[in-house]
Amino acid sequence: MNLLNRIMMTLLLTAVSAAQLQAVCIVPQPAMMKETRSVVQLPSDKLRVYAENPSLKPLVAVWADFLDKPYLPGTEKLSTGFTRIVSETVLLQIKGTGSRTKADIELGLDESLAEEEYVLEAMPEGVSIKGGSTKGVWWGIQTMNQILLQAAAGTGEGKPLMIPGLYIQDKPHFAYRGAHFDPCRHFFTVDELKTFIDMMALHKLNTLHWHLTDDQGWRIEIEKYPLLTEIGAVRKETKIGRVDDVAAGYDGKPYGEGCYYTKKDVKEVLGYASARQITVIPEIEMPGHAVAALTSYPWLGCTGGPYEVWTTWGVSKDVFCIGKETTFGFLEDVLDEVCEMFPSEYIHIGGDECPSVRWESCPDCRKLMKEQGYESARQLQGYLLHRIEKYLNSKGRKIIGWDEILEGGVTPTATVMSWRGPKGGIAAAKQGNDVVMTPNNYFYLDYYQTADPKANGEPLGIGGYVSLEKCYSFDPYDQLDENTKKHIKGIQANTWTEYIASFDHYQHMDLPRFAALSEVSWSENRTSYEDFLARVTASMKPMYEYFGYIYAPYVFMGIE
Ligand code: ACM
Ligand code: ZN
């Protein structure tokens, strides 16, 4: 065969094969994706990856680790009888090589791209992933994982992977794409948190909001105040069932001894997250949700106690005393250690659900009110938050707080996390504050995911109903004009763990709703819910199965 014939033959074969290949589905929907009618053949056992730039070499190891370490399959069942799904997909291996000519996939940097932007080209001669920074390359790798798994699913064992030629140019709509992690009500280990971080990465989420202190448990080591974790991590028992189920009573079992993160743990988690291009923001709650701290050091409260680490859920009247200078000494000491541990620009200082009834009858709080000329004890909340913001600013940090901080009159530099629906966020953006939208009616993933949770066998939720479609329907720019839109920095989902005692249950609440969070926060131009659900089914569901993650099956059974 002469050369011309050979080329003609190759073109013919390629054209036929390209038409036969399944279209690739990606979540979140890329900004631009074209199939180029060619066929790319990759080995299914080991993919050789070449990183052109030395700063990208560690990514290859992280990528290999990511794909090689699915969450260990087991036989554990949730109380509902929902069984763990075990991966049956071919295990892909990534092998870094130093050789450019032999590489199947090349990673590189392109300064003309934005920081988190990437361009992925799959061509017959190989795949190229270029990013504006390590972050961009990492998000391109996540897209590649979806392409590889879809190819692997349609390939027999030992056969090469066939993928269509592709050109993808992609970047996120929002800079803040967050997931919140609550180990206070129920504790989760460092290994579970690492799996959670992997779950975030595959959805291109880039910010972990780590809620570390609450009424039912203080979960972070503070050297200057060791009782916070000796006493404050442990509750004597836990409410069974829902708070309104009085008859169910308490379990009588102490919970939480040793359940906190040491400084070494924090370092390990931060290193793990950073290698996966995820920023970690710690939350130290004040002035409410503080019963665990008050139990450890009763002088932090208005009455002096005695207090008891909370054994039930809800909002406690016992909160930090704002009239005592010693409270500020304590909070500043804690924040000093927190800032030493966490390099994040933002520190979350809570601010939600704080009754003022104790302040009203506390001589110290009343004295401070008089000095400040306050008419209402509620104003003390703003006093505390402003002082703490100033303190953190002096250490080069910025604050984020729940939307209640608006009630105390926020400074323009505070970022507001809107949880009681979007309205707090809309008000904050209109007055010029930056906002992260985490509205409970769209992104509280401790809410049920079907209309009839009992009939559908859902595990216990906190109440409410947020279907995948409801998450997907969120419009972050609702009621905002061009001037105020710029204050919406991003979107976050919150999963509180009052009723979530196992990591299996945690995953069941977050997956597949993380897919909606991913697309709402990443994709500027969304398609339709039907198209999204088809892509989740084709791409994310096999992903979850590959990693052995527990996911809620309802939408895949046609139930919402
Ligand atoms: C919250 O859900 N209390 C922020
Ligand atoms: Zn007081």
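The values are calculated or read from the model by the stated rules, or taken from the named source; none is laboratory data. Given the structure is predicted, the values throughout are model-derived calculations rather than measurements. Note that each Cβ is placed from the backbone with ideal geometry, even for glycine, and that neighbours are counted across all protein chains shown.
In region 479-516, the qualifying residues are those that are more than 16 Å from ligand 1 (Cβ to nearest atom), hydrophobic (A, V, I, L, M, F, W, C) and outside any loop (DSSP other than H, G, I, E, B), and the one that is farthest from Met199 (Cα to Cα) is Ile488.
Residues are listed down the side, and each one gets a yes or a no for (1) touching a helix residue (DSSP H, G or I) at 6+ places or on another chain (Cβ under 6 Å); (2) within 16 Å of ligand 2 (Cβ to nearest atom); (3) within 28 Å of Asp318 (Cα to Cα); (4) among the hydroxyl-bearing types (Ser, Thr, Tyr):
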{"residue": "Pro343", "(1), (2), (3), (4)": "no, no, no, no"}
{"residue": "Ser356", "(1), (2), (3), (4)": "no, yes, yes, yes"}
{"residue": "Asp364", "(1), (2), (3), (4)": "no, yes, yes, no"}
{"residue": "Arg387", "(1), (2), (3), (4)": "no, yes, yes, no"}
{"residue": "Gly421", "(1), (2), (3), (4)": "yes, no, yes, no"}
{"residue": "Gln431", "(1), (2), (3), (4)": "no, no, no, no"}
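You will find that of Ile426, Ile400, the residue that is of a type in the set (Val, Ile, Thr) and touching a helix residue (DSSP H, G or I) at 6+ places or on another chain (Cβ under 9 Å) is Ile426 and no other. Looking only at region 379-390, which residues are under 13 Å from His348 (Cα atoms) and either out of contact with any strand residue (DSSP E or B) (no Cβ under 8 Å at 6 or more places or on another chain) or β-branched (Val, Ile, Thr) (or both)? The one that is under 13 Å from His348 (Cα atoms) and either out of contact with any strand residue (DSSP E or B) (no Cβ under 8 Å at 6 or more places or on another chain) or β-branched (Val, Ile, Thr) (or both): Ile388.
In contact (Cβ under 8 Å) with a residue 12 or more places away in the chain, within 16 Å of ligand 2 (Cβ to nearest atom), out of contact with any Lys or Arg (no Cβ under 6 Å at 6 or more places or on another chain) and under 30 Å from Arg177 (Cβ atoms), is that true of Leu331? So Leu331 fits the description; yes. Consider only pairs whose beta carbons are under 6 Å apart and that are at least six residues apart or on different chains; among these, list those whose first residue lies in region 541-556 and is in a helix (DSSP H, G or I) and whose second residue is crowded, with 23+ Cβ neighbours inside 10 Å and charged (D, E, K, R). Taking only residues 6 or more apart or on different chains, not a single pair turns up.
Each residue in region 454-473 was checked for being closer than 24 Å to Lys489 by Cβ and either surrounded by fewer than 17 Cβ atoms within 10 Å (Cβ to Cβ) or within 16 Å of ligand 1 (Cβ to nearest atom) (or both), and 2 of them qualify. For region 405-424, how many residues are modelled with pLDDT under 95 and not β-branched (Val, Ile, Thr)? So the count comes out to 5. Against the test of being acidic (Asp, Glu), more than 24 Å from Tyr544 (Cα to Cα) and free of Cβ contacts under 8 Å to residues at least 24 places away in the same chain, the options Glu498, Glu482 yield a single qualifying residue, Glu482.
Of the strands (runs of 3 or more DSSP E) lying entirely inside region 1-96, not one carries at least 2 residues that are under 25 Å from the mean Cα position of the chain (by Cα) and at pLDDT 70 or above. Which condition number in (1) assigned to a helix (DSSP H, G or I); (2) under 21 Å from the mean Cα position of the chain (by Cα) is the one that Pro476 fails? Every listed condition holds for Pro476 apart from (1). Condition check: more than 16 Å from ligand 1 (Cβ to nearest atom), more than 15 Å from Met286 (Cβ to Cβ) and in a loop (DSSP other than H, G, I, E, B). Does Gly314 satisfy that? Answer is no for this residue.
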